[in-house]
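Report on the structure given below.
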Amino acid sequence: MTPDLTTAALGLASQGVRVFPCNPNKSPRTANGHLDATTDPETIEAWTCWDGMMGAWVPEGQIVVDIDPRNGGDNTVNVLAKVGKQLTLTRTNVTGGGGLHRYYLLDIPEGKRLRSTLGPGIDVKVPGKGYVIVPPSPGYSCSVPMPPQPAPDWLLSELLVDDRPSTGEASDAKYMTFEEGTNYGLGAL
């Protein structure tokens, strides 16, 4: 058991963040994966596998914008900035791959859902669906230690879509409003 991760897990749990142990490759070490995430101190202390990384659910009322430069996230951020869409300052963690997890406050209105991507290399993590690795996991650190801030209005308009039941039909195009898509993709539509 790694005291630093155990102590950090207990600290986050005391703040209401559901946590669980992960392997060094970020996969969950619990029987039911991220569904076993908990705030229960007894369960956290009973897990003896805190020698890898720590996973956490995205807290209710928040989203995490996951910028992965290896998959083009930095390029997408630059393109967004060129059209006046900048990610505002908020709590930010540096990831093991040199990316960023930016935490924003956001309540999803009834009848709406969020797209899971903002563009190439930028995923959007929401409460209850998946998880993020958090500091002090190896390679992870907090670079902006402030509370999460409200999501910018432009981010909401880019991510919010109508929550409609699956009909088996194709969904809306998955590119940003400032992108046109590829010739092949447009032809296929």
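The values are calculated or read from the model by the stated rules, or taken from the named source; none is laboratory data. Here the structure is a predicted model, which is why all the values come from computation and not from measurement. Because the Cβ atoms are built from the backbone with ideal geometry, glycine has one as well, and the counts that use them run over all protein chains shown. Calculation scope for accessible area: heavy atoms of the full protein, side chains included, ligands and nucleic acids excluded. Shrake-Rupley method; radii C 1.70, N 1.55, O 1.52, S 1.80 Å.
Any idea what the dipole of the stretch 11-62 comes to, in debye rounded to 20, about its Cα centre with Lys/Arg Cβ at +1 and Asp/Glu Cβ at -1?
Dipole of the stretch 11-62, to the nearest 20 debye: 220 debye.
Quick one, what does Rg over Rh come out to for the chain if you take C-alpha atoms and the Kirkwood Rh?
Here the Rg-to-Rh quotient is 1.00.
State in Å² the accessible area per residue of the chain; use a 1.4 Å probe, count heavy atoms of protein chains only, and round to the nearest integer.
With the other protein chains kept in place, the chain gives 55 Å² per residue.
With +1 on each Lys and Arg Cβ and -1 on each Asp and Glu Cβ, and nothing else charged, work out how big the dipole of the chain is about its Cα centre, in Debye to the nearest 20.
Here the size comes out at about 300 debye.
What does the net charge come to around P147 if you take all other residues with beta carbon closer than 13 Å to its beta carbon, with K and R at +1 and D and E at -1?
With Lys, Arg at +1 and Asp, Glu at -1, the net is +2.
Give the separation of the Cα centroids, the stretch 24-58 to the stretch 85-160, in Å.
Cα centroid of the stretch 24-58 versus Cα centroid of the stretch 85-160: 21 Å apart.
Need the full-extension length gain, N71 to Q86, defined as separation in residues times 0.36 nm minus the C-alpha distance. One decimal, nm.
3.5 nm
When only C-alpha pairs under 8 Å and at least 6 residues apart count, what is the relative contact order of the chain, in percent?
That works out to 22 percent.
Note the full-extension length gain between W154 and I108 as 0.36 nm times their separation in residues minus their Cα-Cα distance, in nm to one decimal.
15.1 nm
Rounded, prolate or oblate, given the Cα gyration tensor of the stretch 36-131, with a/c below 1.5 counting as rounded?
Judged from the Cα gyration tensor, the stretch 36-131 comes out oblate (a/c at least 1.5, b/c at or above a/b).
Check which residues have an amide H placed less than 5 Å from C22's amide H, if you skip close sequence neighbours.
R29, G52, M53, M54, G55
Which value in nm describes the separation of the simple spin-label points at V144 and T48, placed 7 Å from the Cα toward the beta carbon?
The answer from the label model is 4.2 nm.
May I ask for the angle, rounded to the nearest 10°, between helix 3-14 and the longest principal axis of the chain, with both axes built from Cα atoms and the value confined to 0 to 90°?
On a 0 to 90 degree scale, this one is about 60.
First measure r as the distance between the Cβ atoms of V161 and S27, then evaluate 1/(1 + (r/R0)^6) with R0 = 22 Å and state the FRET efficiency to the nearest 0.05.
For V161 and S27, the calculated efficiency is 0.15.
Within the chain, what whole-number % of the accessible surface is contributed by carbon and sulfur, with the 1.4 Å probe and all protein chains included in the calculation?
51
Given H placed 1.01 Å from N in the peptide plane, which residues other than close sequence neighbours of T117 have an amide H under 5 Å from its amide H?
V124
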